[in-house]
Amino acid sequence: MVSVHTSAHGPADGTAGETAVGTTDGGAARPERPRARGGPFEPPERPIAWAMLSRAVSVPLILGLVCFLPAVIAAQPGNGVRDTAYWLQLVLTCYAGARLATMILSTRRRLLQGVIWMFVYIAMGVAPFAQVVIGQTPTPMVGPRQDLITATAMVLVGCAAFDLGALLASRRPLRRRTPSARSTGGPAVAHPLRLRLLVVLAFAASAFYVMKLGGPAVFFTSRQEINETVAASGVVTEGSNVGSAFIKGFGQVPALLGLLFYTRRLATSYRARRTPSTVLVWVALGALNLVVNNPISNARYWFLTVLMAFVFTAMPSSAAVYRTVLATGVVGALVVFPYADKFRYDDEGQRPAQSASVFEPLVTKDYDQMVMFANTISWVDTRGHTYGRQLTGSALFFVPRAVWSGKPEDTGVRVGQWMGLRMTNLSAPLWTEFWVDFGATGMAGGMALIGYAAARTDRRYARAVTRAGPGPGSVLAIAAPLIAGYTFILLRGPLLQAAGKLAIAALCLLLIATFREQRAKRRR
């Protein structure tokens, strides 16, 4: 009866909690032990029903992502040329659609990989394919058509390298803790006292951020008003945004992390739900996040990070939530996301939404990743590769330009300036960042490393959110959903803009993490 029990959580791959039959990584199966149903980590299951449902859903899902949607786009009227770029883009769209369908239908929940393939399918597949068919791009392409062909081919190569890295990671078993290690160390958990200090830091930093911008009211106006207030506050110096990045980062990230840790505690610990002080802190953190992390005054990608991190933290072991997020994410990206910038400008600067087709927003707004890759290839052809300089600038984002006069600018900004554009807030997808520094070889190697890291993190996350995991204070159970949401920002780029909040989050997690067993944190 192994097939019945594995259908809900996945076949044994060495990840604890993904199957009812205990195995070691690469070892023989152990006798099955009965496990409680309905706990906070394991909701009641109906494996046979899900097996029947998956068979009923799989065919239309695969056909929809791989065949129907690309066919509908291909049938759209337009002036696009059906050349090599067209066919390569069609292959990329179908490939990404097949991989996304695999992530949705898989009995193993691959959080990071699923989100990455959702981005690739929409931003590097469907949207650029619509642009090729209609013959219109959000950003002008200044180079020859051959550069677009090269960009599409390189994205395909990068996706294949990503899959290769993920495959290599799946072949390597996860290390299991030895009995002696359980008394001295183990998975990282949040130290109770340090977590309380993080909450205090969150309220203090967010209060400073709110006061610096003139009070809570400005956070419910528009992003344009926020940017103008930040510019007038004096924290932005000419040619450097380090000061504003730190104020915004520390004003938003600790508040979000505090909310996520207390959400996990309430979702997984019966004792925490019966403790009034824990509930009150959670309510206060929720109110704080409604001010500093709301969708009105923040970029759509950042609010998407907040939303996904909260959902996967509140319901970490729900396979239905995981599949629903990936499946509905495609519809949301096509229909909702292009119009979700309503609060980017004030009423006078608001751009009217006019669309004769559901696919028109894909060629007029937001999704400029593929054409920017092509423009970056043209830019590199004129000046050569930077051999690590751009990535170094992203890694050392915190160094002010007053100290480092030759600090690289955002890749998207550099390319936009070279193109002669006034608006240089352009994307620089992760493939582009690797290409600028190291060319095709470096790009393939970088994507393979990302695939390897994503697959390993997914397996460890699956273990962390089970009953056998490190408990309500698990750092990985918070970090993985946060990274999954932030993946959209990292993949869209530029990295220099994305590095700040990610580094602040890593610093906060590092400061509160401990590898010592906390018995008190395991009590339910």
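Key figures for this structure:
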quantity	calculated
Accessible area (Å², per residue) of the range 383-524, counting only protein heavy atoms and a probe of 1.4 Å	41 Å²
Length added when fully stretched, L507-T102, from 0.36 nm per residue minus Cα-Cα	142.4 nm
Å² of accessible area per residue within the range 250-306, as computed with a 1.4 Å probe and no ligands counted	36 Å²
Estimated inter-spin distance, R422 and R389, nm [label 7 Å along Cα→Cβ]	2.9 nm
Carbon/sulfur fraction of accessible area - the range 382-524, other protein chains in place, 1.4 Å, %	62 percent
Pair T364, A453: separation of 7 Å Cα→Cβ label points (nm)	3.8 nm
J(HN,Hα) series, the range 205-210, from Karplus relation 6.51 cos²θ - 1.76 cosθ + 1.60, nearest Hz, glycine and proline x	5, 5, 5, 5, 4, 5
Packing-based ranking, highest mean first, of 438-445, 252-259, 310-317 given that Cβ atoms within 10 Å are counted	252-259, 310-317, 438-445
Positive dipole terminus of the range 363-421, leading residue within M372, F397, T382 (C-beta point charges)	F397
Backbone HN-Hα couplings from phi across the range 104-121 [Karplus 6.51/-1.76/1.60, Hz, Gly and Pro as x]	6, 8, 4, 6, 9, 7, 9, 5, 5, 5, x, 5, 4, 5, 5, 5, 4, 4
Approximate spin-label separation T278-D83, in nm, with each point projected 7 Å along Cα-to-Cβ	6.2 nm
Interchain or long-range residues, amide H under 5 Å from S106's placed H	none
Area projected by the alpha carbon convex hull of the range 359-498, averaged over all directions, nm²	11.3 nm²
Rounded, prolate or oblate (a/c below 1.5 giving rounded, otherwise prolate when a/b exceeds b/c) for the range 418-480 by Cα gyration tensor	oblate
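The values are calculated or read from the model by the stated rules, or taken from the named source; none is laboratory data. The structure presented is a predicted model; accordingly, all values stated were derived computationally and were not measured. Heads up, the Cβs are rebuilt from the backbone with ideal geometry, glycines too, and the neighbour counts pull from every protein chain shown. Accessible surface is based on the protein model in full, side chains and every heavy atom, while ligands, DNA and RNA are left aside. Shrake-Rupley method; radii C 1.70, N 1.55, O 1.52, S 1.80 Å.
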